[in-house]
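Q: This is the structure I have questions about; it appears just below.
Every read-out reported here was derived from the displayed coordinates using simple, explicitly stated rules and does not represent laboratory data. Model, not experiment: these values are computed from the prediction. Backbone-built Cβ (ideal geometry, glycine too); neighbour counts: all protein chains shown.
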């Protein structure tokens, strides 16, 4: 307890310096938490990708279409249990900024392939009975205030209707939930048969396929078999694990993980310099005082612990407040106004943050603490 009192008294001695150091540490850990949430948003699909699912797209580019007839052919390949298709619709709601993923699918097959999208049997039946029916994820429905029964107009940017009309209207028959916290509930799905019949061109073609395989250990082998099946055709394919596909998709906007880590590393390097300099300066200022403490009975280890304690208290307080502020900011909503699939700080980041607090405290305080430990009483008192 006496050590804690001394630590706190020393930190209060130079209030302005202590406050500025605390502020810098707080900002660093706030950025750590907030950038961690952004990184999680971009990597979430990769983290929850099915190990038993492959993505099959056109060999040339994702924007090149594939024949819808490939589905039945893929299902005949050994090791393939099921195949479903999706197509990027690319529309906007009311104004260009209101963007979210929309895709035409075959309802029953799609929900069997993606059990993480939770929809009741009653809602599925309504969807199958409503040709213009659509379902929206909970996050997107909340974002725009939609409720079941609403008529949702989507302005197409890629697929106009026959006659050139670009406004598609869908009847919202249900809102799907996510099976887990990280499940993407920002998407909007409608029926492929309605889409294929009403679009101006491209009938009988789809964007890509999701294929469920019987043995994830054979993923590479089955992917090669799928590509071999359509080799030398007018629409050759590239099959790959779902995680690899999503990683490549995310990399189109840059290596988010590397960018975030670079920013965090630069910030923490700066904080180490600031905190280390603060502790070193504090020790130099109190040379006589530390010598007196040794003279009245404090051991070398005790003086060393006192300096390390100051570093730990200052870093711990700043880090804890910074992580708490990051959690508060993230809980207020993502910066894209609901476009990110998920936005939360994963639990592992709080664990890593706690470890970083201890590491920063130790690295910033160890040299000043060793300096205080080696201090000779006679030499210090003569200064």
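Q: Quick check: from the Cα gyration tensor, does segment 124-215 come out rounded (a/c under 1.5), prolate or oblate? Spell out each step's value before the answer.
A: Working: a/c = 1.81, a/b = 1.18, b/c = 1.54.
Oblate, because a/c is 1.5 or more while a/b does not exceed b/c.
Q: Taking the beta-carbon count within 10 Å as an exposure proxy, list 310, 108 from fewest neighbours to most. Write out the running numbers ahead of the final one.
A: Values: 310 26, 108 12.
The fewest-first ordering by Cβ neighbours comes to 108, 310.
Q: Next question. Between residue 63 and residue 138, what is the FRET efficiency for a Förster distance of 35 Å, r being their Cβ-Cβ separation, to the nearest 0.05? Please list the in-between numbers first.
A: On the way: r = 29 Å, r/R0 = 0.83.
The value I calculate is 0.75.
Q: What nm distance separates the two modelled labels at residue 197 and residue 181, each placed 7 Å from Cα along Cα→Cβ?
A: Once both label points are built, they end up 4.4 nm from each other.
Q: Taking 35 Å as R0, compute the FRET efficiency from the Cβ-Cβ separation of residue 128 and residue 72 and round it to 0.05. Each step should come with its number before you reach the end.
A: Values: r = 21 Å, r/R0 = 0.59.
Efficiency at R0 = 35 Å is approximately 0.95.
Q: Shifting gears a bit: Mind sorting 194, 176 by how few other Cβ atoms lie within 10 Å of their own Cβ, fewest first?
A: On the way: 194 17, 176 25.
Ordered from fewest to most neighbouring Cβ atoms within 10 Å, 194, 176 come out as 194, 176.
Q: Same structure again: Hey, rough spin-label estimate for residue 227 and residue 277, points 7 angstrom out along Cα→Cβ, what's it come to in nanometres?
A: For residue 227 paired with residue 277, the spin-label model returns 5.3 nm.
Q: Under a crude label model (7 Å from the Cα following the beta-carbon direction), how far is residue 116 from residue 362 in nanometres?
A: Computed distance between label sites residue 116 and residue 362 equals 3.5 nm.
Q: Mark the label point 7 Å from the Cα of residue 161 along Cα→Cβ and return the residues of segment 131-150 whose backbone N is within less than 15 Å of it.
A: Within reach of a label on residue 161: 131-134.
Q: Related question: Pull out the extension gain between residue 348 and residue 81, defined as 0.36 nm times the separation in residues minus the alpha carbon to alpha carbon distance; nm, one decimal.
A: Details: separation 267, 0.36 × 267 = 96.12 nm, distance 3.47 nm.
Full extension of this stretch gives 92.6 nm more.
Q: Still on this structure: Mind checking the full-extension length gain between residue 16 and residue 355? Use 0.36 nm per residue of separation minus the Cα-Cα distance, one decimal, nm. Don't skip to the answer; put the middle values down first.
A: Values: separation 339, 0.36 × 339 = 122.04 nm, distance 2.70 nm.
So the chain would gain 119.3 nm between residue 16 and residue 355.
Q: What is the order of 129, 82, fewest Cβ neighbours within 10 Å to most? Before the final figure, lay out the partial values.
A: Working: 129 9, 82 16.
The fewest-first ordering by Cβ neighbours comes to 129, 82.
Q: Taking only the C-alpha atoms, wrap a convex hull around segment 48-251 and report its volume per residue in Å³ as a whole number.
A: Working: hull volume 25.7 nm³, N = 204.
With only Cα atoms used, segment 48-251 gives 126 Å³ per residue.
Q: Calculate, for residue 51 and residue 320, the FRET efficiency according to 1/(1 + (r/R0)^6) with r their C-beta to C-beta distance and R0 30 Å; round to the nearest 0.05.
A: Values: r = 37 Å, r/R0 = 1.24.
That gives a FRET efficiency of 0.20.
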